[in-house]
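Quick notes on the structure that follows.
The values are calculated or read from the model by the stated rules, or taken from the named source; none is laboratory data. Being a predicted model, the structure only gives us computed values, none of them experimental. Note that we place each Cβ from the backbone using ideal geometry, even for glycine, and neighbour counts take in every protein chain shown. For accessibility, only protein heavy atoms count, side chains too; no ligands or nucleic acids. Shrake-Rupley method; radii C 1.70, N 1.55, O 1.52, S 1.80 Å.
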Amino acid sequence: MIKADGKVFFLNTKSTTYAFRVMETGQLEHMYYGRLINCDEPSVLKEKRAFAPGNTITYDDAHQDLTLEDVRLELSAIGKGDLREPMLEVVCADGSTSLDFVYDSYEVISGKPEFKTLPSSYDESGKVETLNVTMKDKNHGFTLILSYSVFEECDVITRSAKFINTSDESVRLTRMLSMLMDYDHPGMKITSFHGGWTREMNKSDIVLPAGKFVNASFTGTSSNRCNPLFMISEPDSCEESGDVWGFNLLYSGNHYSATEVSSFKKTRVVYGINPQNFAWDLAAGEEFEAPEAVLTYSAAGFRQMSLNMHDFVREHITRGPWKKKERPVLINSWEASYFDFTEGSLLKLAKTAKNAGAELFVMDDGWFGDRNDDHRALGDWDIVNKKKLPGGLEGLSKKVNDLGLMFGLWVEPEMINVDSELYRKHPDWAIDIPNMDHSEGRFQRLLDLCNPEVVDYMIDRMSEVFSTPGLSYIKWDMNRNFSDYYSKYLPADKQLEVSHRYVLGFYRLLKTLAERFPEILMEGCASGGNRFDLGVLCYYPQIWASDNTDAVSRLAIQDGYSYGYPQSTYTAHVSACPNHQTLRVTPLESRFAVASFGVLGYELNLNDMKSEDIAAVKAQIELYKQYRKTLQFGDFYRHRADNIYQWSIVDKDKSTSVSMLMQREIVAGDQYLKLEMAGLDPQTKYHFFGRKLEYNVKGFGDLVNTVSPIHIKQDSLVHNLVAKFVKMPGEIEDYVAYGDTLNSNGVKLVQSFVGTGFNEEVRYFPDFGARLYFVEKAE
Ligand code: DGJ
């Protein structure tokens, strides 16, 4: 609910309040963002001032008590005494750079308006309200509209800003961020997510007593170097307690957030498009929209912050027919055969996958032009490789459909290889600087999406590909960071607009195709998670989280995503061992356990697997389908993230829960483990049980001789023969308990193997061992 009177503004969600006021001088003073409060006037919230401190700039002659350097603001530019990070920077026609925005008016509207140029959140509940505050620049007459949308149910407020050039002359924006917010104290903890290819979303915490911390990407994308998602918290906050503020941005290009502690010990946060290598010219009458920033506050730690973000993403970001539809279990050809396939080999893989229970077959890279490696053919989407696919896309699609599988396809529409028909025809369509040496990335260049002709061309090409009869899924890849920023379409004085114009072109491409082909399930990908953000999630409901399919690496990666993104948005595949990215060997069951906490798929040559492993895969897929609704759309809880990782997911109706436990390394003699649980209904009686599995005796090595009547030499023929017929029984866990007990105590599990004996009351739990546990309402 929004309470506004032109002097004070209160934005209330279910459990939070955001408040600011108009100061006597017209600036907006931020007063409060925290727990829901019952307050409608500012006397106890606003800061009191009588004299400005020495060595500061006072706002004007009439207000010698006021220095903007020491006010908590909603908006700030440079030139009027605020020395902290600004939200805006401009160069005016007269060369001056100072802005002086003061309050003009406000409106409250019902609903969530769409952005004109960028993706935006939306509302179907009818419960969202939006506040637009108009600010006027006293120096040049520019207008800035600050927008606040209040999503009561999920405790989220989104913010954005629109700059309108209401002056008579042109202006150059050199920084145009989406939001600015000030806290009244220093020493806050910033949690952000860093990494690179195959190591996305590593969580990092830093406490900031002074100075500045910047979380920014410059890959041209939202980037695997650092995701736009970040959190600010009181330093003693943890999963279940403490004040935590979460931030995310609907933007897929270079982003920037800076957290700065001022000399007066206030902490400022600014957030939006990265100003580095950015400028945007606005002629009189033109406007610029900054991307939407998402804010949530939790008084109950990181867990509640994540639950808020998850609900917001599920309800107000992802859209279309796949929003709440269970996602199919897929088999992807990439790690199964890379570029080396034929129609026959693909169909063989598809058939085995179908028998194991898969529902969707995805042909990855390598199906067009002369694409037998990654040096050529990107751009040639109209040339199907007939040597590999004699019946074309349509022929393969039909055969895959005839097996009873959905058919899916990989594309990388934003790229061009120099060795391609498209480049030979249109060298001017690549982003590179004429007559200069060019840097390469995976032997490919970016297409110039600043040029509307290129976007139109790609809409046409992709529409042809997407119209393949029987096609139900697209994996949209993007494998290159930006370099040699230059659009041959734009004049010299507009080259600083390239990175943002590219993103706008990309969004037009995606939006047009998503609207034209709503039934197609789209999965984003950018060398894994190099463009994992809320902007693309407005068009694709899921994204390939990482090219790293190793179950142990995936623990930290998926744990990282879980802070801001619900599990239905990140996909996870079971792949071969030794793993192709790390060479690590992990049990098949562990690979499944971790992957089933994202959207599950398989990406390996099933035909090379042992029959008992294929049987295990079949059982896994069957189990996954049984709990798929809970796993994909339930509430996600993080419990532990150290040597033991533990997650659980509870169905929205609290009838079912699934838990995953994985151990990275055995600690000798450490025999007791407790499975933690949360989110169950305290009054409901539940049945708790583990998955009944059997283990290969070879996992016990020559300990087999402690029970064998004859001596067995390890790895001998006899050992292999025994292993074929004799299985070691897995432990049994089967209990009944009320939700309050499970939430408060968890479950004490049977003891781990500690070297002194083994039976059904002992957990066989080697390095990288994992378990899935289930909870269902007891009858
Ligand atoms: C990078 C992707 O992340 C992989 O999954 C795969 O699709 C390759 N590109 C194909 O070139």
Counting alpha carbon pairs within less than 8 Å and at least 6 residues apart, what relative contact order, in whole percent, applies to the chain? 10
Using θ = phi - 60° and the Karplus relation 6.51 cos²θ - 1.76 cosθ + 1.60, list the HN-Hα couplings for region 375-381 in order, rounded to whole Hz, with x at every Gly or Pro. 9, 8, 6, 4, x, 8, 6
Contact order relative to length for region 74-316, counting C-alpha pairs under 8 Å separated by 6 or more residues, stands in percent at 22
Using helices alone, I'd like the mean residue ellipticity at 222 nm for the chain: each DSSP H run of four-plus residues gives -39500 (n - 2.57), total over residue count, nearest 500. -5500 deg cm²/dmol
Any idea what the alpha-carbon Rg over 2.2 N^0.38 Å comes to for region 536-636? 1.06
When ligands, DNA and RNA are left out and all protein chains stay put, how many square angstrom of accessible area per residue does the chain have with a 1.4 Å probe? 37
On average, how much area does the Cα convex hull of region 74-316 cover when viewed from any direction, in nm²? 13.1
With all protein chains in place and a 1.4 Å probe, residue 322 shows an accessible area in Å² (nearest 10) of 20
Keeping all protein chains in the complex and leaving out DNA, RNA and ligands, what accessible area do you get for residue 741 with a 1.4 Å probe, in Å² to the nearest 10? 60
Counting sequence-distant residues (5 or more places) and residues on other chains, those with an amide H built under 5 Å from that of residue 406 are 360, 361
Which one, 242, 163, 316, is farthest towards the positive end of the dipole of region 74-316 when Lys and Arg carry +1 and Asp and Glu -1 on their Cβ? 242
Here the equivalent ellipsoid of region 656-777, derived from its Cα gyration tensor, has semi-axes (largest first, whole Å) of 34, 14, 11
Mind jotting down a quarter of the surface of the convex hull over the alpha carbons of region 436-482, in square nanometres, one decimal? 4.5
By how many degrees, between 0 and 90 and to the nearest 10, does the Cα long axis of helix 498-516 differ from the longest principal axis of the chain? 60
Just to confirm the number: angle between the C-alpha axis of helix 343-356 and the first principal axis of the chain, 0 to 90 degrees, nearest 10? 80
Among 454, 214, what's the order by accessible area (1.4 angstrom probe), most exposed first? 214, 454
Which order do the peptides 217-227, 434-444, 260-270 come out in when sorted by mean C-beta neighbours inside 10 angstrom, highest first? 217-227, 260-270, 434-444
Restricting to DSSP loop positions (anything but H, G, I, E, B) with no more than 16 other Cβ atoms inside 10 Å of their own Cβ, which GluC sites (Glu not before Pro) remain in region 458-538? 519
Can you sort 159, 445 by solvent-accessible area, 1.4 Å probe, largest first? 445, 159
How much accessible surface area, in Å² rounded to 10, belongs to the heavy atoms of residue 428 with a 1.4 Å probe? 70
For the chain, the dipole about the Cα centre with charges only on Cβ (Lys and Arg +1, Asp and Glu -1), to the nearest 20 debye, works out at 1920
Mean 1/r over distinct Cα pairs of region 161-215, inverted to a Kirkwood Rh in Å, yields 15.1
Listed residues 687, 711 arranged by accessible area, highest first, probe 1.4 Å: 711, 687
For the chain, compute Rh as the Kirkwood radius over C-alpha pairs and then the Stokes-Einstein diffusion coefficient at 4 °C and 1.567 mPa s; write the answer in µm²/s, rounded to an integer. 46
Relative contact order (percent, whole number), region 656-777, Cα cutoff 8 Å, 6+ residue spacing: 49
State the answer as a single residue: which of 51, 700, 528 lies farthest towards the positive end of the charge dipole of the chain, with beta carbon charges of +1 for Lys and Arg and -1 for Asp and Glu, about the Cα centre. 700
Taking all protein chains as present, what is the carbon and sulfur share of the accessible area of region 656-777, in % to the nearest whole number, probe 1.4 Å? 54
Among 284, 227, 295, whose Cα projects farthest towards the positive end of the dipole of the chain, with charges put on the beta-carbon of Lys, Arg (+1) and Asp, Glu (-1)? 227
To the nearest 10 degrees, how steep is helix 301-316 against the longest Cα principal axis of the chain, on a 0 to 90 scale? 90
